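The values are calculated or read from the model by the stated rules, or taken from the named source; none is laboratory data. Everything numeric here is computed off the predicted structure, so don't read it as measured data. Don't worry about glycine lacking a Cβ; one is built from the backbone with ideal geometry, like all the others, and counts go over all protein chains shown.
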Amino acid sequence: MSKASVVLGCFYGDEGKGRTTDYLAKFADVSVRASGGNNAGHTIVVNGVKFAMRLIPSGILSNKTIAVIGNGVVLNPEVLLGEIDMLKSNGIDVDKYLKISNKAHLIFPYHCNLDVMLENRRAHKIGTTKNGIGPAYCDKYERSGLRVEDMYKSNFEEVLRHIIKTKNEMLAASGEPTCDEEKIVSDYKSYAEKLKPYVCDTITFLHKCLKEDKFMVVEGAQATLLDIDFGSYPFVTSSNPTIGGILTGTGLAAKDIGDVYGVIKAYSSRVGEGPYVTELNDEIGDRIRELGHEYGTVTGRPRRCGWLDLVSLKYAIDLNGCNYINLNHLDTIGHFDTFKACIAYEVNGEQTTDFSTNEEFLENAKPVYKEFKGNFGDVASCKTFDELPEQAKEYIRYIEEYTGTFVKLIGTGADRENMIVREQ
């Protein structure tokens, strides 16, 4: 019986999880998405073609790997169908390889309207993408949400109309735009028919795959420091993009998990509001953004950039049980003469290497840096660790020493082939 390999982000998202999953999917029979919604984007470059994946696991790009949208995902059918059309137009056999959990919760237009309303009324903005993710999860846990399987029940229209009326009353009372009841009902009936061939009991399917010794890769959306429980609350997402969310978002058990890949960049970035200890609000941060093309896949928003934070990385590795690191954007950081990594925090005059998501702690923390030599040159052409410049190898070895975790995958450029794989 095989075990599932897991790919998780170790900072605030956008670390390059998609390319890690894409690499592993070359060998995978099954690729699974466990949480989040269309607020998360994975960008993969294949033969010069850029694929922005928002819901479907990026493993499907191998055109031989079954892609599963797990029960922990909140699903916008309109966005999903657009993604399906995009993939089909690029020669991907979606009909053969896509499966959708019947237990995934649906996002409706009223969720998006409520998302906008709530964000506009916050005393302190949290930077939501306003795609309805939070309100959809709220309905899930308030037990008034609708799942994919509900679209095929005889009372679906009756239940949906009742919910729309209730949500419209809430929106109208707040002076916000209401939703077109007839359009929603008509649209979701159409979505149901189009998605029906892909819908199944994915929990049973995944366990059968493991028993048949198939290689499975599970990807988390967003990242550790955006986790609803373990991230920098309240500036977080509405789900668990950590190892626990992999289990609850797929139906897999703890014994089913094998290797856990923690993904980072050679620097760091964050989208949205919230504390960020190593952020650089200067020309260096601007240069990192431009060199790394740090703009959101979903929103296009410029990302906040800074040096790598090893204090938070150690926290993420401990929390998720990562046994491997995938370090991306080594080529980007190599353009600097020198660069830094945060190795401790100074808080109220004392140094610590212990991370905390407490907002006041992070706001008061000052980074303690170690400087490294840059000017790596063109590392995209390097195919092995030994071919890397010595200063790049020194940086990687320091990360390993600090975290006690082996850097197995090294991203050296934008293309899917710019990946060094090391054997331990």
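Annotations
- For residue 315, the criteria (1) buried (at least 19 other Cβ atoms within 10 Å of the Cβ); (2) modelled with pLDDT of 95 or more; (3) more than 29 Å from residue 244 (Cα to Cα); (4) not small (Gly, Ala, Ser) hold in every case but one, which is (3).
- Residue 123 fulfils the conditions (1) of a type in the set (A, V, I, L, M); (2) over 25 Å from residue 22 (Cα atoms); (3) at pLDDT 95 or above except for a single criterion, (3).
- Of the candidates 205, 215, 235, the single residue that is crowded, with 19+ Cβ neighbours inside 10 Å and modelled with pLDDT of 95 or more is 215.
- Any hit, the range 284-303, residues being among the β-branched types (Val, Ile, Thr), touching a Pro at 6+ places or on another chain (Cβ under 7 Å), modelled with pLDDT of 95 or more and within 26 Å of residue 128 (Cα to Cα): no
Residue-wise test of (1) buried (at least 24 other Cβ atoms within 10 Å of the Cβ); (2) closer than 23 Å to residue 226 by Cβ.
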| site | (1), (2) |
| --- | --- |
| 50 | no, no |
| 65 | yes, no |
| 73 | yes, yes |
| 78 | no, no |
| 90 | no, no |
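- Taking the range 115-133 as the range and being free of Cβ contacts under 8 Å to residues at least 60 places away in the same chain and either hydroxyl-bearing (Ser, Thr, Tyr) or at negative phi (or both) as the test, the residues that pass are 115, 117, 118, 119, 120, 121, 122, 123.
- The one condition in (1) closer than 30 Å to residue 276 by Cα; (2) among the β-branched types (Val, Ile, Thr); (3) surrounded by fewer than 22 Cβ atoms within 10 Å (Cβ to Cβ); (4) touching a Pro at 6+ places or on another chain (Cβ under 9 Å) that residue 184 fails to fulfil: (1)
- Selection of first residues in the range 178-193 that are at pLDDT 95 or above and of second residues that are of a type in the set (Ser, Thr, Tyr), restricted to Cβ pairs under 8 Å at least 6 apart or on distinct chains, gives the following pairs, ordered by first then second residue: 179/110; 184/110; 192/152.
- Against the conditions (1) over 30 Å from residue 138 (Cβ atoms); (2) in contact with a Phe, Trp or Tyr (Cβ under 9 Å, 6 or more places away or on another chain); (3) buried (at least 24 other Cβ atoms within 10 Å of the Cβ); (4) among the charged types (D, E, K, R), residue 17 satisfies every one except (1).
- Any hit, the range 122-137, residues being of a type in the set (A, V, I, L, M), surrounded by 17 or more Cβ atoms within 10 Å (Cβ to Cβ) and touching a helix residue (DSSP H, G or I) at 6+ places or on another chain (Cβ under 6 Å): yes
- Yes/no for residue 247 being among the aliphatic types (A, V, I, L, M), surrounded by fewer than 24 Cβ atoms within 10 Å (Cβ to Cβ) and under 25 Å from residue 11 (Cα atoms): yes
- The range 249-278, subset acidic (Asp, Glu) and not in a helix (DSSP H, G or I), residue nearest to residue 403 (Cα to Cα): 259
- Screening 323, 364 for residues that are more than 29 Å from residue 18 (Cβ to Cβ) and either out of contact with any Ser or Thr (no Cβ under 8 Å at 6 or more places or on another chain) or surrounded by fewer than 20 Cβ atoms within 10 Å (Cβ to Cβ) (or both) leaves exactly one candidate, 364.
- Out of 253, 221, 172, sole residue that is under 30 Å from residue 272 (Cα atoms) and exposed (fewer than 13 other Cβ atoms within 10 Å of the Cβ): 172
- Filtered residues of the range 205-217 (kept if assigned to a helix (DSSP H, G or I) and touching a residue at least 12 places away in the same chain (Cβ under 8 Å)): 205, 206, 207, 209, 210, 211
- Selection within the range 380-418 - modelled with pLDDT of 95 or more and among the aliphatic types (A, V, I, L, M): 388, 392, 396, 399, 407, 409, 410
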